[in-house]
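Report on one structure; see the data block that follows.
Bear in mind these aren't lab numbers, they're just calculated from the coordinates by the rules spelled out. All of these numbers come straight from a predicted model, not from anything done at the bench. Here the Cβ positions follow ideal geometry from the backbone for every residue, glycine too, while neighbour counts run over all protein chains shown.
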Amino acid sequence: MRIIRALTVLATLLAGVAVAHAQVSDGVIKIGVLNDQSSLYADLTGQGSVLAARMAVEDFGADKKGMKVEIIFADHQNKPDVGSQVARQWYDADKVDVIVDVPNSGVALAVNQITRDKGKAFLVSGAASSDLTGKACSPNTIHWTYDTWALANGTGNAIVKTGGDTWFFLTADYAFGHALERDVEAVVLKNGGKVLGKVRHPLNNQDFSSFLLQAQASKAKIIGLANAGGDTTNSIKQGAEFGIVRGGQNFAGLLVFITDVHALGLPTAQGLIFTETFYWDMNDRTRAFGKKFAERNRGIHPTMIHAGVYSSVLHYLKAVEALKSDDGTKIIAKMKEMPTDDPLFGKGTIRPDGRKIHPAYLFEVKKPSESKGAWDYYKTRTTIPAEQAFRPVDQGDCPLVKK
Amino acid sequence: MTVFGVPTQALFGQLLIGLINGAFYAMLSLGLSVIFGLLNIINFAHGALYMMGAFVAYFALQWAGLGYWASLVIAPLVVGLVGLVLERTMLKRLYHLDHLYGLLLTFGVALVIQGVFRNEFGSSGLPYVIPAQLQGGYNLGFMFLPVYRAWVIVFSLLICLTTWYVIERTRLGSYLRAATENPALVQAFGINVPRMITLTYGFGVALAALAGVLAAPIYQVNPLMGADLIIVVFAVVVIGGMGSIMGSIVTGFALGVVEGFTKVFYPEASNTVIFVIMAVVLLIRPAGLFGRTA
């Protein structure tokens, strides 16, 4: 009994010492990567995002600086209830300081609220819904890589302006698909286009032929795919089978990742245009990262989501170093205050509504004859400057923005 | 002319699409039915073996340059062989135990196989092109029918009916059916029952692999393709009646059609409609539409 009491006192003392030494809670910065580890988004987020976070910690030189950083990860199975449960457990029991990535807007919106309630930090790379910096914006969240507004603005504008003025939407039936459809529809209507119809399919759908027939029957010039990952590749692949493109209609992949292009193969994917904020083959620094990443990721090159995880974790660690604290709310405020600079996205800023600002690019998938080999897939059509790439700060109805 | 606001022409298209999807349900549930009927094993590894069929086709093309037609033969053989090993080493120990043990074992095997493939090949899938002879399509007036899909319907119907014929109408089939009724008696007539059971499992599994090869050009060759499908197929088997050969074929095609129509009238429910039907059928006819009550 006496031994236990002595140990308790000792432990309390040690804990006190630790707290006095550094403001970082329990002496460790714990990063939780929460994403899809096993299903349709696992290649474009998954273990790649865990690796990206790890590389950020290494490149930051946490060890040399005496900072102790730990990375854990979990699979949210694309279910908001599972994601919420993990987030609560991480914050309450496992002392996680920051959650990163979280593809699937449904899950991200749930984690966004929990993070705010607990006063922690949330760096979104995987999720797309522009509501994260709109009506659901939070002082504890930064939306890093891209969002539905940016995709709509980039791809939607480009397509309507080149004559694609009638649309039919194939929409994944959850928060992300709805947000993407809404944002693209707004762009189409603004540019004088028309939406002839839409159909909502369940997430992770296998057979799209029914929906494709409906799209075909609509006679719309453009079939907008407001879905992602395996849903997008299956739509395009089966669309080719049903002669959609030969019949004079075209697909607009509203959210396409390099892993999707790889899965489709260039003969099917060639000519697709879409918006992304990162491609590994843009300059020497991105190429170096791409090469290093692929070597450690079964040859799979980084998607923009992986790049966003790297970039956001790097900036987070810089802010922790500057602030000497890992208090969620303070860190996010500090991150917004500091300009961002990293090898992948270059220099950038973070707005009061939590939107990270950097350029976006309109890419076109190369023809098989233009490609030098696997992963050499994109050519840049247009660069959308940072200040035009995202929704103007006063149009998102974010309560954090003073009008 | 319209039905509930949808042109009848569009409905014809959806009917055909439904039949195509039904073809996959039918082939998979047929294999499950055969295995359940003769081995009393609820084969949860069926989806994983279907996926392996597609992967064998992919490997055959990538590594050996063997195309689609060769794969239609190779994949069922290779995966069937895997099935034989599975049956000899693991399943045969479970026949005298409750169904639950077979279910747990095969479910575990499925998770292991899928996990290994996902780890190795990721989750976004690998491309597999439609063979040159089956590219293009027919314009039927009310819809564009890809040649490949027409081929899937015809081929799977052929396979399903042949299987039904062999089991229900031939001498070999009668041995099989007798062995499920009373293995000891059939053994006494000098028929090697354990070997017959092993081969039956191999055959059921080969059917799954064949469906996998058929699916490869339509969907991505994807480690998760079986996991997504197997739950639906089990619902099909339950609706049709466990162990009923014709029941599973008819139900497979019929539910494909029902699902197709749901995608037109209320697409949001298209991935749940089969389970709703399953619940209703279980309430009214617990043995399934074509099942015999034990």
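Compared with the dominant principal axis of the Cα atoms in chain B, helix B:171-181 is inclined by about 70°.
If neighbour count is taken as other Cβ atoms inside 10 Å, put B:Met27, B:Met196, B:Met90, B:Met242 in order from fewest to most. Walk me through the numbers before you get to the answer.
Details: B:Met27 29, B:Met196 18, B:Met90 14, B:Met242 22.
So the residues, fewest neighbours to most, are B:Met90, B:Met196, B:Met242, B:Met27.
Modelled label positions at B:Ala184 and B:Leu66, each set 7 Å beyond Cα in the direction of Cβ, lie 4.4 nm from each other.
Computed from the C-beta positions of B:Phe107 and B:Thr272 and an R0 of 25 Å, the FRET efficiency is 0.70 to the nearest 0.05. DSSP assigns beta bridges within the protein assembly as shown; of those with both partners inside it, close to 35 percent run antiparallel.
Pairs A:Lys120/A:Lys402; A:Lys198/A:Lys366; A:Lys30/A:Lys95: which are spaced more than 18 Å apart, C-alpha to C-alpha? Show your work: numbers first, answer last.
On the way: A:Lys120/A:Lys402 23 Å; A:Lys198/A:Lys366 29 Å; A:Lys30/A:Lys95 7 Å.
Those over the limit are A:Lys120/A:Lys402; A:Lys198/A:Lys366.
For A:Lys68, the aspartates and glutamates whose Cα comes closer than 13 Å to its Cα, not counting residues fewer than 8 places off in the same chain, are A:Asp26, A:Glu58, A:Asp97, A:Glu321, A:Asp326. Residue-wise HN-Hα couplings along region B:247-254, as the Karplus relation 6.51 cos²θ - 1.76 cosθ + 1.60 with θ = phi - 60° gives them from phi, are x, 6, 5, 4, 4, x, 5, 5 Hz; Gly and Pro carry x. Note on A:Leu400 and B:Thr89: the model spin-label points, each 7 Å out from Cα along the C-beta direction, lie 5.5 nm apart.
Would you list A:Asp36, A:Asp59 from fewest to most Cβ contacts within 10 Å?
Numbers: A:Asp36 26, A:Asp59 16.
By the 10 Å Cβ count, ascending, the order reads A:Asp59, A:Asp36.
So if R0 is 45 Å, what FRET efficiency would B:Asp98 and B:Leu15 give, r being the distance between their Cβ atoms, rounded to the nearest 0.05? Intermediate results must be reported in sequence, preceding the final value.
On the way: r = 41 Å, r/R0 = 0.92.
The calculated FRET efficiency here is 0.65.
Restricting to DSSP loop positions (anything but H, G, I, E, B) with no more than 16 other Cβ atoms inside 10 Å of their own Cβ, which trypsin sites (Lys or Arg not before Pro) remain in region A:87-171?
Values: sites: A:Arg88, A:Lys95, A:Arg116, A:Lys118, A:Lys120, A:Lys135, A:Lys161; in loops: A:Lys95, A:Lys120, A:Lys135.
Taking region A:87-171 and a limit of 16 other Cβ atoms within 10 Å, the loop trypsin sites (Lys or Arg not before Pro) found are A:Lys95, A:Lys135.
Axis of helix B:225-240 versus longest Cα principal axis of chain B: the two differ by about 70°, to the nearest ten degrees.
Shielding value for B:262-274 is 4, the average number of Cβ atoms from other chains within 10 Å of each residue's Cβ. Helix B:68-89 and the longest principal axis of the Cα set of chain B meet at an angle near 30°.
Would you order B:Tyr165, A:Tyr279 from fewest to most other beta-carbon atoms within 10 Å of each residue's own beta-carbon?
On the way: B:Tyr165 12, A:Tyr279 21.
In order of increasing Cβ crowding within 10 Å: B:Tyr165, A:Tyr279.
Hey, got a sec? Which trypsin sites (Lys or Arg not before Pro) in region A:309-359 land in a DSSP loop and have at most 16 other Cβ atoms within 10 Å? Don't skip to the answer; put the middle values down first.
Details: sites: A:Lys318, A:Lys324, A:Lys330, A:Lys334, A:Lys336, A:Lys347, A:Arg355, A:Lys356; in loops: A:Lys324.
Within region A:309-359, the qualifying trypsin sites (Lys or Arg not before Pro) (loop, at most 16 other Cβ atoms within 10 Å) are A:Lys324.
By the combined test of axial Cα extent (at least 24 Å) and Kyte-Doolittle hydropathy (mean at least -1.0), the qualifying DSSP H helices of chain A come to A:2-21, A:304-323.
Using the Cβ-Cβ distance between B:Val73 and A:Lys219 with R0 set to 41 Å, the FRET efficiency from 1/(1 + (r/R0)^6) comes to roughly 0.45.
For trypsin sites (Lys or Arg not before Pro), the sites in region A:188-275 that DSSP calls loop and that have at most 14 other Cβ atoms within 10 Å are A:Lys219, A:Arg246. Report the label-to-label distance for A:Ile357 and B:Phe155 in nanometres (one decimal), using points 7 Å from each Cα along the Cα→Cβ vector. Computed distance between label sites A:Ile357 and B:Phe155 equals 5.6 nm.
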